[in-house]
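The values are calculated or read from the model by the stated rules, or taken from the named source; none is laboratory data. Everything numeric here is computed off the predicted structure, so don't read it as measured data. Here the Cβ positions follow ideal geometry from the backbone for every residue, glycine too, while neighbour counts run over all protein chains shown.
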Amino acid sequence: MVLNANDREVIEGCQRGDREAFRVLFEEHKDRVYSIALRYSGNAASALDIAQECFLKLLSSMHSFREDASFDSWLYRIVVNTCLDHQRKGRRFLPIVEDLFDLLRSGSDTILHELLLAEFKQDVQQAVAKLSADHRMVVILRYTEGLSYEQIAEIMGCSAGTVASRLNRAHKILSRRLSHLRAGNGR
């Protein structure tokens, strides 16, 4: 029988040191962990390093997981902390937040449209890259992972009000930094 990675038996197996259980857990969550790391770091090699470090931390700390908590939130917390640790270590981060805004979506597939869209995405990526670590992480968790304020709050270890405040501040900063795009579109 193949178990879902969130099944209690798989988590208990990991806590006992069962390699097969950890493999199931890894297979279930590797893409999501890598995706967050890539969007935060903007670099495939850094994202692989972060993802690998996340799973090493997960493996070494499985015994501390309490079943009264959500496993997904606990895992997100490990990913967020690992991303922030990498930044603190002085590694270069240029987050790629693709599809943050779908403002330029249209039926036109002209070369000009594709060039404008690529330039727009690059501008957004550069603006997000300049956000503080906390602002950048709430933007990534909210818009690329689609998490609720409450889920982000649990992961970030703060209140939902703090998440809302950080997102609001990030929106204002991004709006100011990307105002030239509105002006260029005649808005």
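Among the residues making up region 45-85, those that are among the hydroxyl-bearing types (Ser, Thr, Tyr) and under 15 Å from residue 141 (Cβ atoms) are 70, 73, 76, 82. Residue by residue through region 37-58, note down the ones that are more than 15 Å from residue 81 (Cα to Cα) and in contact (Cβ under 8 Å) with a residue 40 or more places away in the chain. Within region 37-58, 42, 43 meet the criteria.
Screening residue 22 on (1) under 30 Å from residue 167 (Cα atoms); (2) modelled with pLDDT of 80 or more shows it passes everything except condition (1). For region 59-77, name all the residues that are closer than 13 Å to residue 12 by Cα and either loosely packed, with under 14 Cβ neighbours inside 10 Å or more than 17 Å from the chain's Cα centre (by Cα) (or both). If the condition is that a residue be closer than 13 Å to residue 12 by Cα and either loosely packed, with under 14 Cβ neighbours inside 10 Å or more than 17 Å from the chain's Cα centre (by Cα) (or both), then 59, 61, 62, 63, 64, 65, 66, 67 are the ones that fit.
Restricting attention to region 126-147, does a residue exist that is among the aromatic types (Phe, Trp, Tyr) and at pLDDT below 75?
Let us first name the residues in region 126-147 that are among the aromatic types (Phe, Trp, Tyr), namely 143.
Those left that are additionally at pLDDT below 75: none.
Checked region 126-147: no residue is among the aromatic types (Phe, Trp, Tyr) and at pLDDT below 75.
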